[in-house]
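Read the structure below first, then the notes.
The values are calculated or read from the model by the stated rules, or taken from the named source; none is laboratory data. What you see is a predicted model; the values in this text were computed from it and never measured. Positions of Cβ are backbone-derived with ideal geometry, glycine not excepted, and every protein chain shown enters the neighbour counts. Side chains included, ligands, DNA and RNA excluded: accessible areas come from the protein's heavy atoms. Shrake-Rupley method; radii C 1.70, N 1.55, O 1.52, S 1.80 Å.
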Amino acid sequence: MEKKLGTKWMKKILVQLKNSDKIKLVIWTNDMIQNQTIENWPIVDGLITLYSSGYPVNKVISYVNRHRPYCCNNPEFFKAMTNRESIYKVLDEIGVEHPNYLVLNTKEISNEINEETNWITFHGKKLEKPFVEKPIDSENHNIHIYFNSKEGGGKTKIFRKKAGRKNQFYSNGEIRRNGKYIYEEFIEQQEPIDIKVYAIGQKYVYAEKRSSLMQEGLLQIDEYGRELREVFKLSEKEKEFAAKITQAFGQFICGFDIVRGKDGRSVVIDINGWSFVKSEFSNEYFENCGRLLVELFLTNCKK
Ligand SMILES: O=P(O)(O)O[C@H]1[C@@H](OP(=O)(O)O)[C@H](OP(=O)(O)O)[C@@H](OP(=O)(O)OP(=O)(O)O)[C@H](OP(=O)(O)O)[C@H]1OP(=O)(O)O
Ligand SMILES: Nc1ncnc2c1ncn2[C@@H]1O[C@H](COP(=O)(O)OP(=O)(O)OP(=O)(O)O)[C@@H](O)[C@H]1O
């Protein structure tokens, strides 16, 4: 949490709240959040809550229920947002496209899964490669992509960036049988890119593209040593996704990822909740983010 608060990206946003003469900004330390009871937490009119590993969601919800501060990102949704199936169910409700999927607890039903070179079957359901296997817990970023033998077979393991790498190819294409996974259709793309979308409520959305995490080789780095990204122009439909997603998930500041299929579909593959743009060249994003947050709190907090 403190790591997130200390980033220069967060500071670019907070400075605008600090500079507003109508807002008194109170920064809560990690010690306060983790070790003190909610009775000792300051009583505030507005609250910025953002999910990160170790974040005490239940404690924060108890505080919010007791004091009813205005939350720009509603903590009631945080648990649902850590489950990839729950995320897709919400997307269904709001008409936002996601990949077709199947959830399997491969540990519990290992004997019932029949695995062949190019597909798996389970109780009459057939999943053909290529497909993507993601831990149901969206905080677990160890994602495997399985290829058809026509494409050379094997699998690519994707993981959080480590020593300039983001993936590793393995010739063994067997699925994992040790937990609950969501199996998704692999969206074939025209250009192998990830579209990282950063929405701010209904009024503003900004996006960047980066080389897909499954692209071979080392990360492409910019002059600041950060992953190379470029500003990306979203379609009108993708902008509508952004407005619907921030509303449905109750997250005023909300990042999510899109891939564009060869078939023309735009498909949401991941919702990240509060997520920072991390670019030296996106001042416009930070200015809008700070301005809209100030506006949001002034409109919604008790006078
Ligand atoms: O959403 P955010 O801003 O909270 O950041 C997320 C994630 O963004 P995503 O959610 O859009 O995927 C970042 O991935 P990218 O967007 O940079 O690809 C990732 O950075 P990373 O891969 O380690 O590499 P760097 O870019 O920092 O070098 C970061 O890990 P930490 O910096 O180690 O905390 C994550 O934080 P958390 O989820 O709390 O672990
Ligand atoms: N259904 C899919 N079809 C094609 N490629 C996909 C699909 N799902 C994921 N990918 C690729 O795998 C990468 C990781 O997927 P995803 O974003 O779901 O993982 P994550 O670990 O939740 O990411 P984040 O770090 O954003 O939280 C994507 O950036 C994309 O390149």
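Of D263, D21, the order by accessible heavy-atom surface (1.4 Å probe, DNA, RNA and ligands excluded), from most exposed downward, is D21, D263. Tell me the net charge near R177. Cut-off is 12 Å between Cβ atoms, R177 excluded, with +1 for each Lys or Arg and -1 for each Asp or Glu. Once positives and negatives cancel, what remains is -2. The local environment of M214, defined by Cβ-Cβ distances under 11 Å, has a net charge of +1 under the rule Lys, Arg +1 and Asp, Glu -1. Each principal axis of the Cα cloud of the stretch 1-143 was taken in turn, and the coordinate range along them, longest first, works out to 64, 29, 29 Å. Under the criterion of Cα pairs below 8 Å and six or more residues apart, the relative contact order for the chain equals 19 percent.
Per residue, the chain reaches -7000 deg cm²/dmol at 222 nm when only DSSP H runs of four or more residues are counted, each adding -39500 (n - 2.57). When Rg and the Kirkwood radius Rh are both evaluated on Cα atoms of the stretch 87-135, their ratio Rg/Rh stands at 1.03. How much net charge surrounds Y101 when only other residues with a Cβ under 10 Å from its Cβ are counted (Lys, Arg +1; Asp, Glu -1)? Surrounding charge for Y101 is -1.
Based on protein heavy atoms only, the stretch 232-303 ends up with 43 Å² per residue of surface accessible to a 1.4 Å probe.
Taking a probe of 1.4 Å, how large is the accessible area per residue of the stretch 82-160, in Å²? All intermediate terms of the calculation are to be shown ahead of the outcome.
Details: 3960 Å² over 79 residues.
Ligands and nucleic acids excluded, the figure is 50 Å² per residue.
H123 contributes an accessible area of around 130 Å² to the protein surface, as traced by a 1.4 Å probe with all chains present. Ordering L50, L219 by accessible surface, largest first, gives L219, L50; the 1.4 Å probe counts only protein heavy atoms, with every chain in place. Projected onto its three principal axes, the C-alpha set of the chain covers 64, 42, 37 Å, listed from the longest axis down. Mean sequence separation of contacting Cα pairs (under 8 Å, at least six apart), scaled by the length of the stretch 231-303, corresponds to a relative contact order of 19 percent.
Compute the separation of the alpha-carbon centres of the stretch 8-44 and the stretch 210-241 and state it in Å as a whole number. The distance from the Cα centre of the stretch 8-44 to that of the stretch 210-241 comes to 31 Å. Subtracting the Cα-Cα distance of S62 and E284 from their residue separation scaled by 0.36 nm leaves 76.4 nm.
Residue ranking by accessible heavy-atom surface, 1.4 Å probe, largest first, among V259, V15 comes out as V15, V259. A 1.4 Å probe run over the stretch 1-66, with the rest of the protein chains in place, finds 59 Å² accessible per residue. Total lysine pairs in the stretch 120-217 at Cα distances under 15 Å, for residues eight or more apart or on different chains: 9. Give the carbon-plus-sulfur fraction of the accessible surface of the chain in %, rounded to a whole number; probe 1.4 Å, heavy atoms of protein chains only. Here carbon and sulfur together make up 48 percent of the probe-accessible area.
Pairs of Cα atoms under 8 Å, at least six residues apart: use those to get the relative contact order of the stretch 1-152, whole percent. Relative contact order for the stretch 1-152 comes out at 13 percent.
Counting other C-beta atoms within 10 Å, and keeping those with at most 15, which DSSP coil chymotrypsin sites (Phe, Trp or Tyr not before Pro) do you find in the stretch 194-292?
Values: sites: Y198, Y204, Y206, Y224, F232, F241, F249, F252, F256, W274, F276, F281, Y285, F286; in loops: Y224, F232, F249, F252, W274, F276, F281.
Qualifying residues, ordered by number: Y224, F281.
A probe of 1.4 angstrom, applied to the heavy atoms of all protein chains, finds M214 with accessible area near 50 square angstrom. The Kirkwood hydrodynamic radius of the stretch 133-219, based on inverse pair distances between different Cα atoms, is 14.7 Å.
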